[in-house]
Every structure is written in structure tokens, then in C-alpha cells.
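Okay, structure first, notes after.
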Amino acid sequence: MTAGMARPEREDAIMITAKAAVLTQIHEPFEIRSYPVLPPPQGTARIRLIASGICGTDLHIQRGKIPIRLPAVIGHEFVGQVEAFEAGADSKHSVQVGDRVIVTIACPCGACLLCQSGDDANCVNMGVTNGSDPDTPPHFHGGFGEVSFAPIANLVRIPDGLDPRMTDVFACAGPTTLHTFRLADRANIPVGQASVAVVQGLGPVGLFAVMLLTRLGVRHVVAVTGHAKPERDALAIRLGATEVIGLDRVSSDDVICHVRALSDGLGADVVVEASGHPRAVPQGLQLLRNRGAYLVPGQYSDSGDVAIAPQLITFKALQIIGSSQYSLEDIRAYLEFLQAHPDLHETIRLLAAPYRFADINQAFQDAGAGKNIKTMLVADD
């Protein structure tokens, strides 16, 4: 057998099963169902779950804000260990059986204008690998299963020395933020040259933005939140925020005055909207200096409308960059970031609240209540 080749699975082998959390109706608990574990179809790998984060997108799906066909296995920010390839897979693949990987569910078409221009994260014909009917083989189509199947091309190997669970904390938020910053760079917005940056919200996207801005050399990274949370705010400071301001303690006008005081009366060079609340947008635009940049990564559901003053955009010549997806390149950049900053690993681990896979409904309840920074399903030991 060729080195690196996955051993074909015997057709007469004893059938084994694994569990998946199936969403059958919106606003209803997940059902834990067992399905047979099948050999991987052509071009795919079977991955054994290590950890799967619960994202705001998953909450939106469960609440009906992002409509999908049900029943379905969802979940899209997960890491696992490659368990098998289809029979005949060889060592030409960039990952091998036994490798620990981050899995992306995105399947860009490769043919549209954006794909052809090198921006497949914003493909106009984007498909996904999760969300299919679990009664259809191979049954495990998303991250909320003990195993999952994914195209081999959608796997990115986690380098040796990186803890997979730690890696999963920002497995979605990290690449999402990095892609938005990459789009800013393509628009000639020098985020790394900013003196003052504001991050609105301290969920996973906001916390990663804090880390990234700080490591890019931004002198003042001010986090603005709706409500002060001492434990979370202390972690933000550990990750690099120069200060955290809660709007339950000061007014929006006070924040604007404070940011201008840090910037010789100009305003912030960059504001990152990571709260997901529409009402944050008007304040964010007010915080910016002339020719400032407003970055909006990962807004992924219809959270309502908000009134803004268009003249702010024109009179201040603002630049607005939004993005909801990421690419394999962004996942690799995320892993490189973690490798380059081992001093962050201990704090990142503190952000995760692990739950057994069987406790997914409690995990969703706690995530929806904002109890945790990163709610994570983990494989039973």
C-alpha cells in the first residue's frame, strides 16, 4: 500500500454508528440521533469530532432568522481528526489520516467574477456542505455530529504544537475578521498604520479584532460594549485592549468625546463593528475621523434596520467594508497568527466553555443567554 494511503474499509465490517444533533424545527431542542458511519464518498474525508463551536449564525438558524430546510445537521466552526478517505485516496492530498484539521463548509463555485478575481470568500454562487437532510447518506453533514464528512479540499491541517480545542475558539471569528482586514488592505486602507481603533462588541469577533489590531501595532484599541462584564472585560485587556467602555456607564456622546481626545480631536482611524446590533452602526460612523474606515465582519442575519445620516459618509469621506465569509487562505492566516503569538494561547483557552456533545441543548440555551464567550461542544473522552 502506498505510503499515506488510507486503508479501504471492508464492506463486510461490522456496522458502527455515531450520533448527530438534528434540528427538526426552529425554536425546538435538537434531537440526538444515531446513524451508521459509512465509508467516505468520492473526494471526501471522514472527520472525528474534537470540538465544535456554537456561533451566532447557529443561534440565528435555530431561532429561524436564517431559514434553511429542516431537518438538518448544522454547525460550521469545528475541528477534528481525519479518520478516513475514500478507498484509493493517496498521498497527493495536503492532509493525511490522523491529521487534526479545521473544516470549512464553504464551497465557492470557482467560476464567477469574484472567484476568478481571487475573492472566492464572496462567491455569488456559494454552496455549503452542512445543513443537508441527515437521513440522506452519509448522514453527517455538519459540525454538530460525532463524525462529519467534508470535501478533502475543505480541510486545513492544524500545525503540530497547536491545541485543537484552543484553535477552535476563533475557528470562525478569526478567519472572518482576517478576511475583512484583507479586503480593507485591497481597498488601500492601511489598518496597521492606525493610531486609534475602536471595537464595538466583545464577542469572539470583537475579541479577535482586539488581538489583531494590537499585534498590528495600533497604539490605542478601545473596546465599547453595551454592558460592563468584569470577567470578559478583564480578558479583553489581557488580549490587548487599552480600555473597555460600557455604555451602561457612560453615554454615546461621552465615548465620542473620549475617542476624539485620544486622536487630537480627529476621531478613530478604524472602527470594527462586532456587536451584531444595528444601533451600533450610527455610533460607529460618528466615532470615525474623516477618511476613516468602518469594518463590519460577520453580520449574518436580518437583525433589523437602523437610521443613519448619509451625509456622514459623504462629508467625512468614510470607507465601509463588510464581509460575512472567509476562505482557505484566511484559515491558514489564522493558524499562522496563532503560531506567531504563543503568548496568547493560555488566555484564549480561558474563553472556551466546553459542553459534552450530548448536552447540546443546554449549550445552546447558555450561548443564547450570553453566558459564555465561546460555547463549545467537545468529544467525549
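Taking into account only those residues within region 282-291 that are over 25 Å from the mean Cα position of the chain (by Cα) and under 19 Å from residue 191 (Cβ atoms), which is surrounded by the fewest Cβ atoms within 10 Å (Cβ to Cβ)? It would help to see each step written out before you state the result.
Filtering region 282-291 for residues over 25 Å from the mean Cα position of the chain (by Cα) gives 286-291.
Next, only the ones that are under 19 Å from residue 191 (Cβ atoms) stay: 287-291.
Values: 287: 26, 288: 27, 289: 23, 290: 10, 291: 12.
Here the residue is 290.
Report yes if residue 77 is among the acidic types (Asp, Glu), in contact (Cβ under 8 Å) with a residue 24 or more places away in the chain and crowded, with 20+ Cβ neighbours inside 10 Å, otherwise no. Lay out the reasoning, then the answer.
Numbers: among the acidic types (Asp, Glu): yes; in contact (Cβ under 8 Å) with a residue 24 or more places away in the chain: yes; crowded, with 20+ Cβ neighbours inside 10 Å: yes.
Yes; evaluated as a whole, the condition is true for this residue.
For every residue, the table says whether it meets (1) surrounded by fewer than 21 Cβ atoms within 10 Å (Cβ to Cβ); (2) touching a Ser or Thr at 6+ places or on another chain (Cβ under 8 Å); (3) at pLDDT 95 or above.
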site: 241; (1), (2), (3): no, yes, yes
site: 244; (1), (2), (3): no, yes, yes
site: 252; (1), (2), (3): yes, no, no
site: 261; (1), (2), (3): yes, no, yes
site: 266; (1), (2), (3): yes, no, yes
site: 269; (1), (2), (3): no, yes, yes
site: 277; (1), (2), (3): yes, yes, no
site: 280; (1), (2), (3): no, no, no
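Return a yes/no flag: does region 347-364 have any residue that is surrounded by fewer than 16 Cβ atoms within 10 Å (Cβ to Cβ), touching a residue at least 12 places away in the same chain (Cβ under 8 Å), in contact with a helix residue (DSSP H, G or I) (Cβ under 6 Å, 6 or more places away or on another chain) and charged (D, E, K, R).
Checked against the condition, which is being surrounded by fewer than 16 Cβ atoms within 10 Å (Cβ to Cβ), touching a residue at least 12 places away in the same chain (Cβ under 8 Å), in contact with a helix residue (DSSP H, G or I) (Cβ under 6 Å, 6 or more places away or on another chain) and charged (D, E, K, R), region 347-364 yields at least one hit.
So, in region 348-381, exactly how many residues are under 13 Å from residue 21 (Cβ atoms) and assigned to a helix (DSSP H, G or I)?
So the answer is 8.
Check off (1) in contact with a helix residue (DSSP H, G or I) (Cβ under 9 Å, 6 or more places away or on another chain); (2) surrounded by 20 or more Cβ atoms within 10 Å (Cβ to Cβ); (3) among the aliphatic types (A, V, I, L, M); (4) more than 17 Å from residue 310 (Cβ to Cβ) for residue 256 and give me the number that stays unchecked.
For residue 256, the exception is condition (2).
If a residue must be in contact with a Leu (Cβ under 6 Å, 6 or more places away or on another chain) and assigned to a helix (DSSP H, G or I), how many such residues does region 272-302 contain?
Matching residues across region 272-302 total 1.
Out of the residues in region 297-323 meeting the condition of being under 19 Å from residue 191 (Cα atoms) and in contact (Cβ under 8 Å) with a residue 40 or more places away in the chain, tell me which one is surrounded by the most Cβ atoms within 10 Å (Cβ to Cβ).
297
When region 31-49 is examined, which residues are found to be under 19 Å from residue 355 (Cβ atoms) and surrounded by fewer than 20 Cβ atoms within 10 Å (Cβ to Cβ)?
31, 32, 33, 48
Filter region 331-365 for residues that are touching a Lys or Arg at 6+ places or on another chain (Cβ under 7 Å) and closer than 20 Å to residue 156 by Cα and give the result.
341
Listed here are the residues, each with its yes/no results for (1) buried (at least 20 other Cβ atoms within 10 Å of the Cβ); (2) assigned by TED's automatic domain parsing to the domain that holds residue 54; (3) closer than 30 Å to residue 317 by Cβ.
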site	(1), (2), (3)
118	no, yes, yes
142	yes, yes, no
151	no, yes, no
164	no, yes, no
185	no, no, yes
206	yes, no, yes
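Does residue 127 fit the bill of being assigned by TED's automatic domain parsing to the domain that holds residue 355, in contact (Cβ under 8 Å) with a residue 40 or more places away in the chain, in contact with a strand residue (DSSP E or B) (Cβ under 9 Å, 6 or more places away or on another chain) and not charged (D, E, K, R)?
no
Determine which member of the set 269, 264, 233, 253 is acidic (Asp, Glu), outside the structural domain of residue 341 (by TED's automatic domain parsing), out of contact with any Phe, Trp or Tyr (no Cβ under 7 Å at 6 or more places or on another chain) and in a loop (DSSP other than H, G, I, E, B).
Testing whether each residue is acidic (Asp, Glu), outside the structural domain of residue 341 (by TED's automatic domain parsing), out of contact with any Phe, Trp or Tyr (no Cβ under 7 Å at 6 or more places or on another chain) and in a loop (DSSP other than H, G, I, E, B) leaves just 264.
Could you list, ordered by first residue, the pairs with Cβ atoms under 7 Å in which the first is in region 37-57 and without any contact (Cβ under 8 Å) to a residue 40 or more places away in the chain and farther than 16 Å from residue 74 by Cα and the second is among the hydroxyl-bearing types (Ser, Thr, Tyr) and in a helix (DSSP H, G or I), at least 6 apart or interchain?
No pair meets every condition.
Return yes when residue 336 is part of a helix (DSSP H, G or I) and within 19 Å of the chain's Cα centre (by Cα) and no when it is not.
Yes, satisfied.
Assuming residue 357 fulfils every condition listed in (1) touching a Phe, Trp or Tyr at 6+ places or on another chain (Cβ under 9 Å); (2) not polar (S, T, N, Q); (3) not assigned by TED's automatic domain parsing to the domain that holds residue 94 apart from one, which condition is it?
Residue 357 satisfies all of (1) touching a Phe, Trp or Tyr at 6+ places or on another chain (Cβ under 9 Å); (2) not polar (S, T, N, Q); (3) not assigned by TED's automatic domain parsing to the domain that holds residue 94 except (3).
The values are calculated or read from the model by the stated rules, or taken from the named source; none is laboratory data. The model shown is predicted, which means the values in this text are computed figures rather than measured ones. For neighbour counting, all protein chains shown are included, and Cβ atoms are generated from backbone atoms with ideal geometry for every residue, glycine included.
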